[in-house]
Structures are given as structure tokens and as C-alpha cells.
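Everything below concerns the one structure shown next.
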Amino acid sequence: MKYQIDNFKISPKDFDNLESIIKSRFKLDDFKYKILHKSIDARDKSNVNLIFRLMIETNKKINNKNLTIYEEDNFNLPYPKYSYNDRPVIVGFGPAGMFSGLYLARCGAKPIIIERGGKVEDRKKDILEFIKNKKLNINSNIQFGEGGAGTFSDGKLTTSVKSKLNKFILNEFVKHGAKDDILYDHMPHIGTDYLELIVKNIREEIISLGGEFYFNHQFIDFDKDDYLNLTIKNLNNNDCFKIKTNHLLLCIGHSARDTIKKLYDKKLKMTQKSFSMGVRIEHKKNDIDYSQYGEFSKYLPSAYYKLSTHKDDRGIYTFCMCPGGYVMASQSEENTILVNGMSNNKRDGENSNSAILVDVKPEDYDKGNELDGIYYQEYYEKLAFNLSKDYRAPANLVKEFLNDEVAKDLRSINTTYPHGLFFTDLGKCLPNFVINGIKNGIIGFDRKLKGFNNPDAILIGIESRSSSPVRILRNDERISNIDGIYPVGEGCGYAGGIMSAAIDGLRTALTIVGCEYKE
Ligand SMILES: Cc1cc2nc3c(=O)[nH]c(=O)nc-3n(C[C@H](O)[C@H](O)[C@H](O)COP(=O)(O)OP(=O)(O)OC[C@H]3O[C@@H](n4cnc5c(N)ncnc54)[C@H](O)[C@@H]3O)c2cc1C
């Protein structure tokens, strides 16, 4: 018999002995078990617990008030045959492109994938070159290249989208190389070190099914007759060639500003949308861990937090928290500054960081053009660069920032940002309402997470691309105003993170092959 036990509590100290604790609590001899869900209850810092949902298989009868009969979740997707005469073309191999590509390949569509950046292994070299020598490859960097923007990230897999596809995607990540704890952790994350391998394995499966990849190739234009005629530029030699298709999936991410501007010129309908701007904050990892878990922190993984507040009708919130992580120079355009965060699977770096972001609404930037949000981001990213003119990021420490002063140097916390910091008034590279929002956020968050306003914590600017400032419109069949063009994922305004972009990619592929499934 297979049972499901909910709310099974143990002390974090005992995690390595979970099997023997199950055995003694239920007085079992012969049994198998599986963790279905694991979370941490740290509401009372003097009594932190791990909370499990477990499947236990045994012939013995178990008596427990939290027990039900376990029902296997056998959700899987069907793979109807791709029945069109053309091959679909996917532009961009981030999460949206990977999951639409994988699914369409399994349906026999032999997708053609165009990616302006390098293969993940070459891309890594390009990123290291930028870190070491400040030489940015504008097509192969933290934003662009195989795996998309999230490859060099913390790989957090949380999303507010409720769908059975979540589980499907997590299972695929595991099949392609992720650790299986992402299937049950309340806050699953993969880590950069594993993401590289997973991305490569997904590429290999697509190729094995007849898919074709063009790395270092950029989609630059199109015209339309019976087909869409795409112009593809080989970035190695600048030669161009054409591909015909009736299914163009635009999985381009939010940093492909040149492509979005081109699509706007080609009359693809789009609208402005809200996004956010702010800074990264770096604390010592041990301080955050202690603040979250007290004395239990030594038995638990690096602590995560997610904080939010409201002021003057604007949301202020922490975003993309990277426990034990690094602040990354994340630009895709020269002479701009843009930060984000990443961590390895173990999350064992010295610092923890997160963004503190403030809502930016169309009324803040609207000058009558759909692309005004992009121009607004570009303006501030350039301002941030022009303060140091050498990729040192504008920065301040919390104490001075809250007192409208400028710190002279770092104090008790070292930075992980690779190009060094330039201490300045952050108001020189962010709008006033963002600066005020960050101040309110720091003070408010400290009430929820003691030590958040550590005077020595480092604020590093600027974080401006948490989501796309435009949405390319699409109908219920997911097609734009130009037949055959499918706007997908974050860049087109339909996702905000790895999971939601992957879900959007998958749903688009499901729509194309006419696959229906029950949520
Ligand atoms: C440093 C960093 C850390 C992050 N951490 C997390 C995290 O922990 N968890 C999370 O959920 N999200 C995280 N994100 C956000 C997440 O990466 C994105 O939400 C997600 O990658 C969006 O997926 P996408 O497929 O829509 O677009 P992208 O991943 O941006 O992929 C778009 C791809 O299209 C390619 N492309 C663009 N234009 C063209 C063109 N014209 N021709 C050919 N190719 C083109 C680009 O090279 C790119 O590879 C992070 C982002 C960054 C930058």
C-alpha cells in the first residue's frame, strides 16, 4: 500500500536521518519512501522545522491523522504529429525557445533554431573575457547565447503560474541533468554550474530528433508573401541568407532591443507595459542565514527571502534573491551598466544578494511611442556607465544612502561585483521615485528581516531589466497581427522568469500542434 503523509516535521539537525525517523515513528521494518514536498518552517526561530509531504510504501497499516492513500500523478503530454509542410523557426534559445523547441522536435517538426549568441561552452568564454578584460561581446554575454538570460543565474524555478506544465518542465530539467531535489523543494533552484549542462543536453536531444541549430546567427528582418521570408545574418562573417517558414516563434528575451525595434518598424503591434528598476543589495550570507533561521542556520541550506511593501501606489520588492551568490555585470550593450545575480548549486559564496526594485509604470515614461519604456531603460543604463566610464558600477552603502551621503569605501562586506565599484549618489543614475522607493523598502524590509538595513550592506546600480517594457500583442491562437509570427516568452511580455518563459514556450508549441491537455 502507498500512503501519503502530510505535515511530517523533523528538526533540520535530523535531515540525514530521515529514513530512520520514519521507521521509528511509524514502527516500520520493510518500507520505501519518497519525498513529495519539503519546506522550512522558520516562523519561530527557536524551533525551526523541516516539513515534509511523504509517500510511504509498506504492507503494514499506518495510523496517522495526516495520512491519505497516495495517488500517483501520471501527468504527461501527448505528442501529436506536426502536420505542416514547413519547419518552424525558433529565434532565441532561452527557456521559451528551449521548451518550445524540445516539444516541437518530439512532435517531429525538426525545428530550426537561430541563436545570436554562442553555444553555452563558447558563451562562457565570452563572459569570462568581459569579466577579466572588460571586452563585451554584444551578441554573446549574460543576456545572449545558448540557454538565454537565465543560464548564468541562480536558476530559481519558482513561479506564480499555476499549471501542470510546471511539473512537466521540472521533470525535463531532471532528465537533462538537474538534481532531483527540484521536484520536491518548496523553493527549487538549479544553479549556474548545473544549468550549463542541462542546456547542452536539451540541445543534443533536439538535434537527435532532426532539429537544427544556427549559433552566432541573428534574425534581422523578414518580409511576407505566401510564407514569412526571414533574413538571417551569420555573425561570424556578416553574410545573410533567407529561410522560409509559416511558424516563426519569437523567443527573443527582453534584451533584444534591436530586434524589438526592427519588429516595431515592420508594424508588429505592441503596447507599453510596467516594469521595475532599482539596485542590488549585498549582505553577508551568514548574517542573512542567521536572521532567517537563528541557531538552526548551520543545519540548513543558505537562506532565501522575498520581501515586499507598498508606498505611494507603487510596489517595492526584493527580486531574484541569490543566496551565497554573486552580483553579475549583465549588460548586452557597450557603455552601459546593468546588474543581476547568480549562484552555483551549493549557494556557498560569502555574500547573499537580491534586487530591490520599484514599479515603473507607463505614465512615468510615456512620450507617445510604444518603445518609450526601452528608451527609458537605455537612458538610465547609459547614465550609470557615464559616472565611471569604465564599467565600475555606481554604488553606495546603506547607512550613507539612507542619510543622503556618499560612502568613501567598503566597510565590513566585500563586493562580488567583478568590475569594482564607483561610490556615488545613486540618484544620479536612477529616477527620484525609485530612490525614494528603495529607501522605504530598506527601512520596511528590516522590520521583516532583521539586519536588512545593515549600515555596511552594499547597494549596486542599476538593475533595470527585470522584465520587458513592451508587450507584442497576440490573439488566442498566440499569433501576432502578422500571420505566422508567434510572440513568446519574456521579451514579448508574456513571462517573468525561467519557469514562466518555459511554460509560455511550451504552451505556444502545444497550440501550434493542436495538443489539448487537462489542467
Ligand atoms: C543574471 C540573471 C539571473 C537570473 N536569475 C533568474 C532566476 O534565478 N530565476 C528566474 O526565474 N529567472 C532568472 N532570470 C530571468 C530569466 O533568465 C528570464 O526570465 C528568462 O531567461 C526569459 O526567458 P526567455 O526564453 O523568454 O528569454 P531569454 O532567456 O532572454 O532568451 C532569449 C534568447 O534570444 C536570443 N536572441 C535575441 N534576439 C535574437 C535575434 N534577433 N536572433 C537570434 N537570437 C536572438 C538571445 O541571445 C537569448 O539567448 C535571470 C536573468 C539574468 C540575466
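Restricting region 115-162 to residues that are of a type in the set (D, E) and buried (at least 18 other Cβ atoms within 10 Å of the Cβ), which is farthest from the ligand (Cβ to nearest atom)? Don't jump to the end; show me each part of the working.
Filtering region 115-162 for residues of a type in the set (D, E) gives 115, 121-122, 126, 129, 146, 154.
Cutting the leftovers down to buried (at least 18 other Cβ atoms within 10 Å of the Cβ) gives us 115, 126, 146, 154.
Working: E115: 5, D126: 11, E146: 7, D154: 4 Å.
Here the residue is D126.
Can you pull out every residue in region 127-151 that is among the acidic types (D, E) and over 19 Å from T416 (Cα atoms)? Give the steps one after another, and end with the answer.
Taking region 127-151 first, the residues among the acidic types (D, E) are 129, 146.
The answer is E146, and nothing else.
For region 202-216, state whether one or more residues are over 14 Å from I113 (Cα atoms) and within 12 Å of the ligand (Cβ to nearest atom).
no
Surrounded by fewer than 24 Cβ atoms within 10 Å (Cβ to Cβ) and either modelled with pLDDT of 95 or more or within 13 Å of the ligand (Cβ to nearest atom) (or both): does that describe G497? Break it down into steps so the answer makes sense when it comes.
Details: surrounded by fewer than 24 Cβ atoms within 10 Å (Cβ to Cβ): yes; either modelled with pLDDT of 95 or more or within 13 Å of the ligand (Cβ to nearest atom) (or both): yes.
Against the criterion (surrounded by fewer than 24 Cβ atoms within 10 Å (Cβ to Cβ) and either modelled with pLDDT of 95 or more or within 13 Å of the ligand (Cβ to nearest atom) (or both)), G497 qualifies.
In region 288-305, is there at least one residue being modelled with pLDDT of 95 or more, farther than 25 Å from D16 by Cα and not β-branched (V, I, T)?
No, region 288-305 contains no residue that is modelled with pLDDT of 95 or more, farther than 25 Å from D16 by Cα and not β-branched (V, I, T).
Being crowded, with 24+ Cβ neighbours inside 10 Å, more than 17 Å from I413 (Cα to Cα) and more than 17 Å from the chain's Cα centre (by Cα) is the filter here, so list the residues in region 333-357 that pass it.
I337
Considering only strands (runs of 3 or more DSSP E) fully contained in region 48-150, which possess at least 3 residues that are among the β-branched types (V, I, T)? Before the answer, list the steps.
Details: elements: 49-58, 67-69, 89-91, 112-115.
So the answer is 49-58, 89-91, 112-115.
Mind checking which residues of region 114-172 are aromatic (F, W, Y) and over 25 Å from C515 (Cα atoms)? Let's see the steps before the verdict.
Of the residues in region 114-172, the ones aromatic (F, W, Y) are 130, 144, 152, 168.
Those that are aromatic (F, W, Y) and over 25 Å from C515 (Cα atoms): F130, F144, F152.
Have a look at L410, L426, L473, L430 and point out the one that is outside the structural domain of L249 (by TED's automatic domain parsing) and under 20 Å from G325 (Cβ atoms).
Numbers: L426 fails: under 20 Å from G325 (Cβ atoms); L473 fails: under 20 Å from G325 (Cβ atoms); L430 fails: under 20 Å from G325 (Cβ atoms).
Answer to the check: L410.
Across region 231-248, which residue is farthest from K119 (Cα to Cα) among those that are near the ligand (Cβ under 10 Å from one of its atoms) and of a type in the set (A, V, I, L, M, F, W, C)? Full working, then the answer.
Keep residues of region 231-248 that are near the ligand (Cβ under 10 Å from one of its atoms), which gives 232-233, 235.
Still in the running and of a type in the set (A, V, I, L, M, F, W, C): 232, 235.
Details: I232: 17, L235: 13 Å.
The extreme case among them is I232.
Looking at (1) touching a residue at least 24 places away in the same chain (Cβ under 8 Å); (2) more than 11 Å from the ligand (Cβ to nearest atom), find the lone condition where K65 falls short.
All conditions pass for K65, except number (1).
The values are calculated or read from the model by the stated rules, or taken from the named source; none is laboratory data. In this text the structure is predicted, and so the values were computed from the model without any measurement. Note: ideal-geometry Cβ built from the backbone for every residue, glycine included; neighbour counts use all protein chains shown.
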